[in-house]
1. Once Rh for the range 132-247 is found with the Kirkwood sum over Cα pairs, what is the Stokes-Einstein diffusion coefficient at 10 °C and 1.306 mPa s, in µm²/s?
2. What is the distance in Å between the Cα centroid of the range 97-113 and that of the range 324-343?
3. In debye to the nearest 20, how big a dipole does the range 97-206 give about its Cα centre with +1 on each Lys and Arg Cβ and -1 on each Asp and Glu Cβ?
4. Going out from 0 in 10 Å bins, what whole percent of all Cα-Cα distances in the chain drops into each bin?
5. Net charge near ALA65, counting Lys/Arg +1 and Asp/Glu -1 over other residues with Cβ under 12 Å of its Cβ?
6. Quote the charge dipole size of the chain about the Cα centre in Debye, to the nearest 20; the model charges only the Cβ of Lys and Arg (+1) and of Asp and Glu (-1).
7. Treating only the Cβ of Lys, Arg, Asp and Glu as charged (+1, +1, -1, -1), what charge dipole size does the range 86-127 show about its Cα centre? Round to the nearest 20 debye.
8. Per Stokes-Einstein, at 4 °C and 1.567 mPa s, what whole-number D in µm² s⁻¹ belongs to the range 48-113, with the Kirkwood radius over Cα pairs as the hydrodynamic radius?
Amino acid sequence: MTNHRTRGRLLAALAACGALALGVAACGDDGDSGASTGSSTTAAKPTTVKVGVGPFLDNQTLALAHELGYDKEQGLDFQQVILPSNNAIYQAIRTGDIDLGAGTLRGLQTVAKTAPDLQNFIVKDQFKGYFFVGRKGETPVYADLIKEGKTPEEAKKEVLESFKGKTFNMVKQQNYAPLAAGLEAAGIDPKDVKINDFADDAKAALAFQRGDGDFYTGALPQQSKLLLENPDKYVNVGGYEILGPVAISYDTWTTSKDFLAKNPEVALKVVAAQLKAAQYIKDDLDAASVKLGELVTDASKTELPAENVKLLASDFTKFLTAEDLEKDVFNPDSPLYWKKEAELAAKQNAKDLPEGYTPEDQNVSQDWFEKYQADADLQSWVQGT
């Protein structure tokens, strides 16, 4: 959905991604891109690529690429369409209303039977913000236990044991797998906890505020808002520290098999634009934070200061560069290898998966990254050489 996070620094809530023009023709309707893989702008009309996004910072990379003109340099025009959920994005891809959209490794598995034509073709970031919000004074807190002198293992065990018999508010298909796997790894039956399953994160958070449930986990905007606006009522109980690697999740760009088959050159340029935007964020986080903050602020009408974006991009989201993908995401020897998350999720989503399912059925990101690696011109463009 994640390098080791630093907990405790909480940020302003995010709203919607940077809004660009809507209601335009889908990819290919403007004609073949005919764009070179170099950095020069083509004379031909750019090929429109409609991108579905939700209200999260990690959805902003192609909007940033558009802001920086990377899409135009490749003969493309990224146009954002704001949608309320991953499922809405998946549906819009299938109906042709958008060409691609934000997704997750775990989330796509839940529609493997009903939407077998969808595939993740880019792993864009590691989400590091999976943690539990509890009620202050009613639950042990990992950070507090460490301050009291307990070892990490002792603190972890105490927090997880306290979960027995408690109720968690969440969107189950998006957030249950890490909790269940973390409990199992600690020798606790996941059935010892109760789940209040909600249609979206906002509803889960609102119910928690109204006194329903013992813990909330979900979208970072809701988590951060609860903690920032109610420091005397709610507390960050723990996340990666208590669950371990199972709390790491990858976010993706998802599209259809048909789009990839009919638009391979466009798809490869989207891969390159994503990587160039991620590299820009890594190389100049100060400047990137300003631009990302402006995109969010313009879309949400709620100010998101650059310093908050910088903290968010440092602590809760890692935008993945080509180096990160090669070293960790697509490296079978790395603890961050993408299939570890996919296989874990497959165990949790078994009832939603067709017979004979393998993670490669839905995930072709490594294939497309290898195509990028084979294109010297695109690599030079991304690296600015």
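Only the coordinates and a few stated rules stand behind these numbers; no lab work does. In this text the structure is predicted, and so the values were computed from the model without any measurement. Heads up, the Cβs are rebuilt from the backbone with ideal geometry, glycines too, and the neighbour counts pull from every protein chain shown.
1. Answer from the Stokes-Einstein relation: 113 µm²/s.
2. 20 Å
3. Here the range 97-206 has a charge dipole of around 220 debye.
4. Calculated over all Cα pairs of the chain, the distribution is 5, 24, 34, 24, 10, 3, 0 percent.
5. Net local charge, ALA65 excluded: +1.
6. Numbers: 41 positive and 56 negative charges, 201 e Å.
I would put it at about 960 debye.
7. 180 debye
8. 105 µm²/s
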